[in-house]
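Structure first, then comments.
Throughout, read-outs are computed from the coordinates displayed, never taken from laboratory work. Source: prediction; values computed, not measured. Here the Cβ is made from the backbone with ideal geometry for all residues, glycine too, and neighbour counts use every protein chain on show.
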Amino acid sequence: MSPFTVEIMSETPTSLLVIGAGLPRTGTTSMKKALEIIYNQPCYHGYELVTRKQCDIAKWQMLVDEVRTTGSEGKIHKCLSEILDCYVGVTDAQSCAFYRELMSTYPDSKVVLTVRDKNDWLASFRQVVMPKSDDPRKIHMDEGKRRAGIPIELDILLTDSLKLAFQKEDIDFDDDAMLLECYEKYIKALQENIPSERLLVHRFGDGWEPLCRFLNVDVPANISYPVANNQSDLQRLRELIKNANYLNPDKETRNQALLVIQCAETVEISSSSTDFSLTHFDKLWSSFCIVIRARNYIVAVWVKSIVEIMCETPTSLLIIGAGLPRTGTMSMKKALETIFSQPCYHGFEIMTGKQFDIPKWQMLVDEVRTTHCEEKIHRYLSEILYCYVAVTDVPSCAFYRELMNIHPYAKVVLTVRDKDDWLNSFRQVIMPKSDDPSKKQFEEAKRLAGVPIEWDKLLTDSLKLAFQKEDIDFDDDAMLLECYEKHNKTLQENIPPTRLLVHRLGDGWEPLCRFLNVDVPANIPYPKMNQLSDMIKLRDLIKKFGSVEEVARMHPGIM
């Protein structure tokens, strides 16, 4: 793996295709699920901020502040691209505030504006999103959110995002008439300012046909248009409450919770009803509020659990790349992306679009070394790798055991090469010896390429973890070769052959596709990425011209 990569080498097959500009409580979760069914790739929704992506709250807030103040287009585009990397669509509160910027960042994307009757919207907004300040339920809702681990910063982001969407800083969120006026003005502004060929107004109950026609895709066969918060979700929530132990509720509280679910399930719902969410979800919420006046347990379980149900996507980690860097991991990344048409995580992600992952990986390394709390490790890995179909390279090769545990159906691919060739490539591209005359220029080139110094520590710590050896001397060639061979041997001895493929440099498509039970891609050569000669040439050019950008300008062919 080379530290001298450029953006093009980190590209994935996923690009944002659909911008959901609808306000919260207009069917945004149903739209999220619909887009995921159509594209079989994840769609970003506000619920991500509650479950897997709380780290994004600060980024969205920074975006709001940037738009309000200097409005630097470069910063805004970069931040949006970073947050939405590997998502095919985006809906709900944050995206509706940034639909203009998103349209500029993704000029080929289309815009879907979800709408509903304004009075139904207001009633649902009050019930679920933002009760009035003097509403007796507000205190219970807020306490329930805190118990569920939802940070108060999310409340600030919500109000700021709505102010930005409504283009009105002095909005009084307790004023129903003002909210209705803002709702109507917002919808009207989008319809007037976005070309009709780029905009679809999707009303509650419209279903598949207008959406699929607009996106030029087939209507999914034998699949009903999604209706969020449906009966099956309630049944799953019942089981979650039965089995929940993270709040340690007493028996009486659990019984109260189950009674509320039972009452809510008696509400008759038609999946084709245009006021489904208002008649069902809001009655359910009202039922909860009866109990949470005395107990906050139910709302805490509701908020923490139901969002996990609603946030599920069709993307799950299928392949764990356990090969060490410089064993063909980038070629394997590209091969897996070709096979699955979904993104594969690689060390390059960290040095280009995902530098904010460095502290997360470092936390993981430290956690495994010290307390080894399984719950924390699983949570961190799931958050980092959410929406990726596979992972290869360092630091993930150090976590193949944990990843196998989290993803019991995932298969493991161990990329290998001749040990002496590996060491030579490792010294040239990853880690020269301390006394190597080129070491200083090597480090300078990394900084010029924008590789943060924190990456160096993560690299060495990850390799120590992969090799299961804390006292390794990285200047000792013999020790490195011994560690390399031991790593490969350990995997082959401990992973069942039905779950492991040893893929040697040059093996190509056939053994990989046979192992994954997929067809060999027609008329597509197996990828050959990051060959040593190319990496050395790129390193020398960065040193000569002073930046990756200048190399790209002077020598576009190498990029």
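Proximity of backbone amide H atoms, modeled 1.01 Å from N, is registered between His202 and Leu113, Thr114, Val115 at under 5 Å, excluding neighbours fewer than 5 places apart on the same chain. The alpha carbons of the stretch 7-227 give a radius of gyration and a Dmax of 17.2, 55 Å, in that order.
Cβ-to-Cβ counts within 10 Å put Glu444, Glu337 in ascending order as Glu444, Glu337, the fewest first. Once the C-beta distance of Arg401 and Val219 is scaled by a Förster radius of 45 Å, the resulting FRET efficiency is 0.55 to the nearest 0.05. Compared with the direct C-alpha span, the chain from Thr460 to Val518 gains 17.3 nm at full extension, assuming 0.36 nm per residue. Charges on Cβ only, +1 for Lys and Arg, -1 for Asp and Glu, centred on the Cα centroid of the stretch 319-558; of Leu324, Cys344, Leu423, which one is farthest towards the dipole's positive end? Positive-most Cα among the choices belongs to Cys344.
Normalised Debye scattering of the stretch 28-137 at q = 0.16, 0.20, 0.24 Å⁻¹ gives log10 I(q)/I(0) of -0.85, -1.19, -1.41, counting only Cα atoms as equal scatterers and leaving out solvent.
For the set Lys32/Lys446; Lys32/Lys188; Lys118/Lys163; Lys32/Lys145, the pairs lying more than 28 angstrom apart at their alpha carbons are Lys32/Lys446. Across the stretch 407-414, coupling constants 3J(HN,Hα) worked out from phi with the 6.51/-1.76/1.60 Karplus curve, θ = phi - 60°, read 10, x, 9, 6, 9, 10, 10, 9 Hz, and Gly and Pro carry x.
Each label was represented as a point 7 Å from its Cα along the Cα-to-Cβ direction; for Glu197 and Ser15 these points are 1.8 nm apart.
Roughly how many Å is it from the Cα centre of the stretch 489-525 to that of the stretch 191-218, as a whole number? For the stretch 489-525 versus the stretch 191-218, the Cα centre distance is 42 Å. Spacing of the modelled spin labels on Asn40 and Ser341, each 7 Å from Cα toward Cβ, amounts to 0.6 nm.
Using a Förster distance of 30 Å, how high is the FRET efficiency between Lys439 and Phe356, based on the Cβ-Cβ distance and rounded to 0.05? Once rounded, the FRET efficiency stands at 0.60.
The residues neighbouring Phe515, those whose beta-carbon lies less than 10 Å from its own, together hold a net charge of +2 under the Lys/Arg +1, Asp/Glu -1 convention. Full extension of the segment from Ile453 to Asp135, taken as 0.36 nm per residue of separation minus the current Cα-Cα distance, would add 109.4 nm. In terms of other Cβ atoms within 10 Å, Trp509, Trp60 run from fewest to most in the order Trp509, Trp60. For Lys469, the lysines whose Cα comes closer than 21 Å to its Cα, not counting residues fewer than 8 places off in the same chain, are Lys419, Lys433, Lys457, Lys486, Lys489.
Amide hydrogen proximity for Lys110: with H placed 1.01 Å from N in the peptide plane, the residues at 5 or more positions away or on another chain lying under 5 Å are Val18, Ile19. Cα centroids of the stretch 16-78 and the stretch 92-106: 8 Å apart. Taken one residue at a time, the phi angles of the stretch 435-444 give Karplus couplings (6.51, -1.76, 1.60, θ = phi - 60°) of 8, 6, x, 7, 4, 4, 5, 4, 5, 5 Hz. Gly and Pro are set to x.
In order along the stretch 53-60, phi translates into HN-Hα couplings of 10, 4, 5, 7, 4, 5, 5, 5 Hz, rounded to whole numbers, per the Karplus curve 6.51 cos²θ - 1.76 cosθ + 1.60 with θ = phi - 60° and x for Gly and Pro. As a proxy for reagent exposure, ranking Tyr400, Tyr386 by other Cβ atoms within 10 Å from fewest up yields Tyr386, Tyr400. Taking amide hydrogens as placed 1.01 Å from N in the peptide plane, the amide H of Arg504 sits under 5 Å from those of Val416, each at least 5 positions away in sequence or on another chain.
Between Lys78 and Asp477, the modelled labels are 4.0 nm apart [label points 7 Å from Cα along Cα→Cβ].
The smallest convex shape that holds all Cα atoms of the stretch 319-558, its convex hull, gives 129 Å³ per residue.
Shown here for the stretch 65-152: trypsin sites (Lys or Arg not before Pro) in loop regions (DSSP other than H, G, I, E, B) with at most 14 other Cβ atoms within 10 Å, namely Lys132.
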